[in-house]
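The values are calculated or read from the model by the stated rules, or taken from the named source; none is laboratory data. Because the structure is a prediction, the values reported are computed rather than measured. Backbone-built Cβ (ideal geometry, glycine too); neighbour counts: all protein chains shown.
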Amino acid sequence: MYKVKLYSAALIILGIMAMSSAQTIPTGSQVDEAKWIEILKSDASREAKSEACRFLAVYGTKASVPTLTNLLADEELSHMARYAMEPIPGPEVDTAFRDALTRLEGKPLVGVIGSVGVRRDAKAVPLLSKCVKHDDPLVSQAAARALGKIGNAPAAEALQSALGDAGGTQLLHVCEGLLRCAEHLYAMGDQKRAIAIYDQLRQIDTPHQVRSGAVHGAILARGKDGLILLQEYLQNEDYHLFSAAVQTAQEMSDPSVTGMLIGALNKLNADQKILVIWALGKRGDTSAVPSLLGLAKEGEKAVRRESIQTLPQIPDPSIIPILVTLLDDTDREIAQDAQESLCALPLPEVDMVIMKMFQGGKSDKQTKAMEIMIRRRMTQAIPSLFKAAEGNDAAVRPAAIRMIGELGSYEQLPSFLELLNKLNQSQDLNAIEQAIRVVCVDTQTRQSNIDQIVKAAEQAKPKQKVVLLRVLRALGGDKALQAVREAMKDADTEVSTTAFRSLCTWETPDAAQDLLNLAGTRSETSDRLAALRGYIRLIRDKGLSNRDKLTMCRRAAGLVERDDEKRLLLGALGTIQSPAAVTMILPYLDSQATRQEAVAACLNVSEELLKRQNAATLAGRLIEPLEEVVQVTEGDTANRARSLLQDARKKAGQ
């Protein structure tokens, strides 16, 4: 069965009535309707009366109708009165609204007309028929919409009568009303009258969206007989009407529609072809596949691209070979579209074809195959990828390793560790390092992963051991740290250097003592600085207490020598919320090289301490440092220091 729908979204006007109230509407047992009616009758504020209307919208009965009716002429409360009346069942509301149609003007009248449409009061059609011809365009437009919502035969006749005299915006609203009427009439079984309205609107000079909507309805309302009309409009030179026919075809289940669309293709320009291709995709009819494949192979580029992009909507195995061929198209956009469509095609045969492509041995084909594998999440390709990772093609090996990392999990770690021993090229080693990191991210298997890597590192050759040490640094933990410590003693310089660098960039404070020792014992200045910087960086760890951070800062202070190291230490001190941190910062105010960082650190710590609940007990210890800061700064920084100093004095009772 064909179902009529309004075609043009431009014709549909959605009225939204938003209720905004901070109060909660009580249950029915709590409601005293008379109480709210009395509020409406009283001299209460507009807000109070609006609130009463909100309650009556939920709990009101016919007893509320007379009082609410009296508010319909009030421009400030008319909206809320109608809001309350519309949900009340019974003829009393309809009678009140019809009476209001005869006596109101302006905005209140427009509002009541809208409410009549909401309630679909068929008895109001004669009154609305007069309103359609009202001098006020807002009134006439509202009446046209209301008649459309009522949608019966008299409403349609009233709108058809007004059609000849309507113009401009009013014509659009009358046509909208008629389209709604046609839809209602068809739904009620009056197919003949609905078709007559659609035919009238598509044949007269109306806005293109109206004619498009009428074409849409005229075709669907005719059922099987609409195929003839569809065929006619598929040949129409007016793009809007042609477009309406194509989109209507999308909604028709008759298989012959696909043939009509295909038959029209040869006579169309590129834009029209694209629209038909889109509709064929939405229909999902496999009989369209040969035509789409033909369009995908040659012709205008825009048409080819639309055809390729549409093919996944009609999953048929015959599509696959053409898409594979198009992967090598000289036009990069065409080739990319083919790849995207292969990735999207929901057929298991695609995976089989991609596996064959990968196993064909040519690196360019293998690279394309791997890109599709990852997009389709082809985990079944992992064994073949491992084979390629051991192969002779230097371009394919690292790509295959990365693909395994993307597709695999911790289950591939043993195979990765075995593969690592067979690799020597730097690009392969870098790829496997990243892949191992990816498959080891699962926190539930983290310790097991570390155990396997530590064991493998103990037996690995230097190049492979370097890779595993970097992975252990990324994973962290006690066992990983111990392995890195041991590796620093390795006879191979590259291994020991990697272990040292891993320690200097360790992420957690459990490496702090190691770094402090190294900072004090390393003979090379660069090594000593790297260890010291790594140590100071760990002071910022959020898991450390202020006391621990201060202890680490004191230890670091005995080792810092260069200005950049001092500035690094001041940055760490600036994160410690303790008066002792301020005390440690003060000496650095004396040097021009560290003054800026010292001032910033002192102000940051002071500001945080003065926000605390116990600020009164801390403020006294901040006054002298802040006075020193004021003396050595200027501008905005000095103003900030003075403000904090004033706050400290106030909280200290000075």
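Given the condition of a type in the set (Ser, Thr, Tyr), closer than 20 Å to ALA288 by Cα and part of a helix (DSSP H, G or I), answer yes or no: does some residue in segment 234-250 qualify? Checked segment 234-250: at least one residue is of a type in the set (Ser, Thr, Tyr), closer than 20 Å to ALA288 by Cα and part of a helix (DSSP H, G or I). Of the helices (runs of 4 or more DSSP H) entirely within segment 538-654, those holding at least 2 residues that are farther than 21 Å from ASP514 by Cα occupy 563-573, 579-585, 592-609, 615-632, 635-651. Only one of the numbered conditions (1) buried (at least 20 other Cβ atoms within 10 Å of the Cβ); (2) in contact with an Asp or Glu (Cβ under 8 Å, 6 or more places away or on another chain) is not met by TRP278, and that is (1). Among the residues of segment 518-534, those identified as closer than 14 Å to MET488 by Cα and either buried (at least 21 other Cβ atoms within 10 Å of the Cβ) or touching a residue at least 12 places away in the same chain (Cβ under 8 Å) (or both) are LEU518, ASP527, ALA531.
Which one of the conditions (1) in contact with a Lys or Arg (Cβ under 6 Å, 6 or more places away or on another chain); (2) surrounded by fewer than 18 Cβ atoms within 10 Å (Cβ to Cβ) does GLN203 fail to meet, given that it meets all the rest? GLN203 satisfies all of (1) in contact with a Lys or Arg (Cβ under 6 Å, 6 or more places away or on another chain); (2) surrounded by fewer than 18 Cβ atoms within 10 Å (Cβ to Cβ) except (1).
Kindly provide the set of residues from segment 602-654 that are of a type in the set (A, V, I, L, M, F, W, C) and in contact with a Cys (Cβ under 7 Å, 6 or more places away or on another chain), ordered by number.
VAL629
You will find that of ALA270, ALA194, the residue that is under 39 Å from the mean Cα position of the chain (by Cα) and at negative phi is ALA270 and no other. Residues in segment 144-196 that are more than 27 Å from GLY223 (Cβ to Cβ) and touching a His at 6+ places or on another chain (Cβ under 9 Å): ALA144, ARG145, ALA166.
If I filter segment 335-343 for residues that are at pLDDT 95 or above, closer than 16 Å to TRP278 by Cα and in a helix (DSSP H, G or I), do I get at least one hit? Within segment 335-343, one or more residues are at pLDDT 95 or above, closer than 16 Å to TRP278 by Cα and in a helix (DSSP H, G or I).
For segment 206-217, filtered to residues that are closer than 19 Å to GLU157 by Cβ and at pLDDT 95 or above, the residue that is surrounded by the fewest Cβ atoms within 10 Å (Cβ to Cβ) is ALA214. Checked against the criterion of being of a type in the set (D, E, K, R) and crowded, with 20+ Cβ neighbours inside 10 Å, segment 609-617 has no qualifying residue. Contact map, segment 374-387: first residue at positive phi, second residue hydrophobic (A, V, I, L, M, F, W, C), Cβ cut-off under 9 Å, separation 6 or more or different chains; pairs are ARG377/LEU407. Could you grab me the full set of residues in segment 618-636 that are crowded, with 16+ Cβ neighbours inside 10 Å and polar (S, T, N, Q)? If the condition is that a residue be crowded, with 16+ Cβ neighbours inside 10 Å and polar (S, T, N, Q), then THR633 is the only one that fits. Criterion applied to VAL112, VAL93 was being under 24 Å from CYS131 (Cα atoms), of a type in the set (A, V, I, L, M), touching a Phe, Trp or Tyr at 6+ places or on another chain (Cβ under 6 Å) and crowded, with 21+ Cβ neighbours inside 10 Å, and the one residue passing it is VAL112. What number of residues within segment 578-636 satisfy the criterion of being of a type in the set (D, E, K, R), under 21 Å from ARG567 (Cβ atoms) and in contact (Cβ under 8 Å) with a residue 12 or more places away in the chain? Here the count works out to 5. When ARG145 is tested against the conditions (1) surrounded by fewer than 23 Cβ atoms within 10 Å (Cβ to Cβ); (2) over 25 Å from THR102 (Cβ atoms), the lone failure is (2).
Taking segment 408-418 as the range and being under 40 Å from the mean Cα position of the chain (by Cα) and more than 15 Å from ARG470 (Cβ to Cβ) as the test, the residues that pass are GLY408, SER409, TYR410, GLU411, GLN412, LEU413, PRO414, SER415. Filtering GLU371, GLU340 for residues that are under 23 Å from VAL303 (Cα atoms) and either free of Cβ contacts under 8 Å to residues at least 12 places away in the same chain or not aliphatic (A, V, I, L, M) (or both) leaves a single hit, GLU340.
Where helices (runs of 4 or more DSSP H) sit wholly within segment 85-136, those with at least 2 residues that are touching an Asp or Glu at 6+ places or on another chain (Cβ under 8 Å) and at pLDDT 95 or above occupy 91-101, 106-119.
In segment 391-406, the residues that are part of a loop (DSSP other than H, G, I, E, B) never reach a residue that is at pLDDT 95 or above with C-beta atoms less than 6 angstrom apart, at least six apart or across chains. When LEU275, LEU293, LEU280 are checked against the criterion of being within 26 Å of THR330 (Cβ to Cβ), modelled with pLDDT of 95 or more and within 35 Å of the chain's Cα centre (by Cα), LEU293 stands alone in meeting it. Counting only residues that are of a type in the set (Asp, Glu), in contact (Cβ under 8 Å) with a residue 24 or more places away in the chain and assigned to a helix (DSSP H, G or I), which one in segment 459-502 is surrounded by the most Cβ atoms within 10 Å (Cβ to Cβ)? Among them, the one singled out is GLU494.
Being assigned to a loop (DSSP other than H, G, I, E, B) and more than 17 Å from PHE97 (Cβ to Cβ) is the requirement here; does GLU76 meet it? Here the answer is yes, as GLU76 does meet what is asked.
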